[in-house]
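First the structure, in the form of structure tokens, and then the observations on it.
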Amino acid sequence: MCGIVGYLGRREAVPIVIEGLKRLEYRGYDSAGVALFSDGAIDVVKRVGKVSTLEEALRARGLKATIGIGHTRWATHGAPSEINAHPHLDCRSDIAVIHNGVLENYSSLKKRLLENGHRFVSETDTEVVAHLIEGLYTTGTSLDQAVRLALQQVRGTYGLVVMSRREPDRLIAARRGSPLVLGYADDGYFIASDASALIQHTRKVTYLEDGELAIISRNGIITKTLDDVEVRKAVEEVTFELEQIERGGYDHFMLKEIHEQPETIRNAMRGRLLVEQGEVKLGGLDHVRKKFVQARRIILLGCGTSWHAGLAGEYMLEQIAKIPTEVEYASEFRYRNPVITPDDVVFAISQSGETADTLAALREAKARGATVLGIVNVVGSTIARETEGGVYIHAGPEIGVASTKAFTAQLTVLAMVTLMVARWRNVVGVDQKLLARELASLPEKVARVLSRYDLIKRIAEEFKDGRNFLYLGRGANFPVALEGALKLKEISYIHAEGYPAAEMKHGPIALIDEHMPVVFIVPKDAIYEKVISNIEEVRARRGRIIAIANEDDDQIHKLAEFVIPVPRTYGFFGPIVNVVPLQLLAYSIAVARGTNVDQPRNLAKSVTVE
Ligand code: F6R
């Protein structure tokens, strides 16, 4: 949600900032801008649209500088426009600010600043910061002091970087609620919203914590608290490779990430699932074993796709580990005064580890005494750092805005947590060895589904002009229906709804006619016959049926117009395999409709605002 890049050093800043913004474009892509310091002045260039448009504009201007900041925007306050794009300036164009986050009290601050004679040009909350700093940046005050004083007046969230004409060899960065990472190289220093913007230049990073400020100069970086106390931070090594954040021959990141799933599922299990022994070892949970043994219940928190993973996890935890489990929208949980006790174990599930709602919900649960753990992808992210322990899903960087490989890796981790909790709580009747073997077989099964891509493309051609879709599944495949519908909505802009198949007759059945595609997830499990009855109900109303069914299901071909075969999978682990054709279907329909698959309209990869 908004990408920030800054550079100060011996090299040309423009290519570094532009390259960094391109890597961060998945965080926001409605407009972009840079501020560069050269010849005693700050030059600002902004454009609506993609970073490549900004790049062309910069090429035309031929600006040169060794210090620069850049921003790619996901609009919160003010429509996407050149005026509202960052950086924002003070009245004298001496101070430039880029910001990710939301300033809650900006309108009262703006009113006061207007009364004091400041002139505003944009509708953004961010511009307030530039004017606040301007007012406080009096003779004898340094830029970092002025930034600190300004931030004492704002309420809300920010990751921001400030540049000043008066102190051209410095950048000031500060963080509350929106991530910032600092990078160290021999020929300069970097700041960015995430490490993917830096790793081309350096692997040495430190993460700024909430309430911290960094003074970046040509001599190094000093970090302080916002109360001006110096903080010494350990330099960490970024471990992912550049290829992992490049498309590697695929048309889109989403397609690449869908195809990576056999490997990412394997990575999630590597060194943790001991198939022969039928055991799971999750080092990040060992120290809270007693809490799991004594727990009254488990609560799974998440948003969007991560919430769907929680729903599928609930089936595993309740049915296999026999522990009461609740799944909560993080965004609702934080505002409904939940009853939480120290006997509750809470997992925050998040790909990015930065989702504002999930972070706020886990803080709420922590404040109420629960044991708070994470199931997170991004190493070193805020959720990972604020939880008492947890499990990284090890899916590698997910760049496509629509989440795919993170979902299946989250489910794989939830399955392993389930096996471990079942063992810790001595649940009888769980064949751990059998379930471990089932888990180990998932990568190969997912690869088999991927081999159906051509069939799925043909189905997509047939349905690409649809206006509405229904996705229906039962039991553990109900969350798969929700996820399939979400994927389609996000990237193809076709309205889609996921429903428990049997709920259809309580309302949505009214929608069915010969124009309505209905996707059924119908594996041969204990409720297979029930879902077949639901299929018959749709057929009777001339709905068009696409079935995700097992490879050995002969009956289904008589009922469905299209069948996408999937391997048989142990019931509660089924979602890990059954969701894959739905990812490919949504992708193929979006491509057939010509939408921007990796950067769908109005969305951003990590939602760091409420
Ligand atoms: C869907 C999607 C979103 C995210 C949600 C939570 O494709 O990407 O629904 O799942 O915003 O994000 P994380 O998992 O980063 O907390």
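Just wondering, is there one or more residues in segment 309-317 that are aromatic (F, W, Y) and either within 16 Å of the ligand (Cβ to nearest atom) or in contact (Cβ under 8 Å) with a residue 24 or more places away in the chain (or both)? The answer is yes; a qualifying residue exists.
Among the residues making up segment 188-202, those that are assigned to a loop (DSSP other than H, G, I, E, B) and modelled with pLDDT under 95 are S193, D194, L198, I199, Q200. Every residue in segment 356-379 that is within 14 Å of the ligand (Cβ to nearest atom) and within 24 Å of K233 (Cβ to Cβ), please. Residues satisfying the conditions are A356, L359, L362, G374, V376, N377, V378, V379.
In this structure, G574 does not satisfy being outside the structural domain of S403 (by TED's automatic domain parsing) and surrounded by fewer than 18 Cβ atoms within 10 Å (Cβ to Cβ). The residues of segment 260-292 that are within 15 Å of T418 (Cβ to Cβ) and either within 19 Å of the chain's Cα centre (by Cα) or of a type in the set (A, V, I, L, M) (or both), listed by number, are A268, M269, L273, V280, L282, L285.
The one condition from (1) without any contact (Cβ under 8 Å) to a residue 12 or more places away in the chain; (2) in contact with a Lys or Arg (Cβ under 9 Å, 6 or more places away or on another chain) that S108 does not meet is (2). Under the condition of being buried (at least 18 other Cβ atoms within 10 Å of the Cβ) and closer than 14 Å to G473 by Cα, the residues counted in segment 498-516 number 4.
Here A384 meets each of (1) touching a helix residue (DSSP H, G or I) at 6+ places or on another chain (Cβ under 6 Å); (2) surrounded by fewer than 24 Cβ atoms within 10 Å (Cβ to Cβ); (3) hydrophobic (A, V, I, L, M, F, W, C); (4) in the same structural domain as D286 (by TED's automatic domain parsing) with one exception, condition (1). Determine whether segment 388-400 contains at least one residue that is surrounded by fewer than 18 Cβ atoms within 10 Å (Cβ to Cβ) and free of Cβ contacts under 8 Å to residues at least 40 places away in the same chain. Looking for residues that are surrounded by fewer than 18 Cβ atoms within 10 Å (Cβ to Cβ) and free of Cβ contacts under 8 Å to residues at least 40 places away in the same chain, one finds none in segment 388-400, hence no. Of all residues in segment 85-125, which are at pLDDT 95 or above, assigned to a loop (DSSP other than H, G, I, E, B) and either aliphatic (A, V, I, L, M) or under 27 Å from the mean Cα position of the chain (by Cα) (or both)? Answer for segment 85-125, where residues must be at pLDDT 95 or above, assigned to a loop (DSSP other than H, G, I, E, B) and either aliphatic (A, V, I, L, M) or under 27 Å from the mean Cα position of the chain (by Cα) (or both): A85, H86, P87, V121. Condition first: in contact with a strand residue (DSSP E or B) (Cβ under 8 Å, 6 or more places away or on another chain), modelled with pLDDT of 95 or more and either under 18 Å from L455 (Cα atoms) or among the aromatic types (F, W, Y) (or both). Can you find one or more residues in segment 511-518 that meet it? Within segment 511-518, one or more residues are in contact with a strand residue (DSSP E or B) (Cβ under 8 Å, 6 or more places away or on another chain), modelled with pLDDT of 95 or more and either under 18 Å from L455 (Cα atoms) or among the aromatic types (F, W, Y) (or both). From A496, A476, A526, grab the single residue that is touching a residue at least 24 places away in the same chain (Cβ under 8 Å) and within 16 Å of the ligand (Cβ to nearest atom). Exactly one of A496, A476, A526 is touching a residue at least 24 places away in the same chain (Cβ under 8 Å) and within 16 Å of the ligand (Cβ to nearest atom), namely A496. May I ask you to list the residues in segment 358-372 that are more than 19 Å from T305 (Cβ to Cβ) and either hydroxyl-bearing (S, T, Y) or within 20 Å of the chain's Cα centre (by Cα) (or both)? Selection gives R363, T371, V372.
Here the condition is being touching a Leu at 6+ places or on another chain (Cβ under 6 Å) and farther than 25 Å from D39 by Cβ; of V128, V161, V102, it holds for V128 alone.
The values are calculated or read from the model by the stated rules, or taken from the named source; none is laboratory data. Note that this is a predicted model, so its numbers are computed, not measured. Note: ideal-geometry Cβ built from the backbone for every residue, glycine included; neighbour counts use all protein chains shown.
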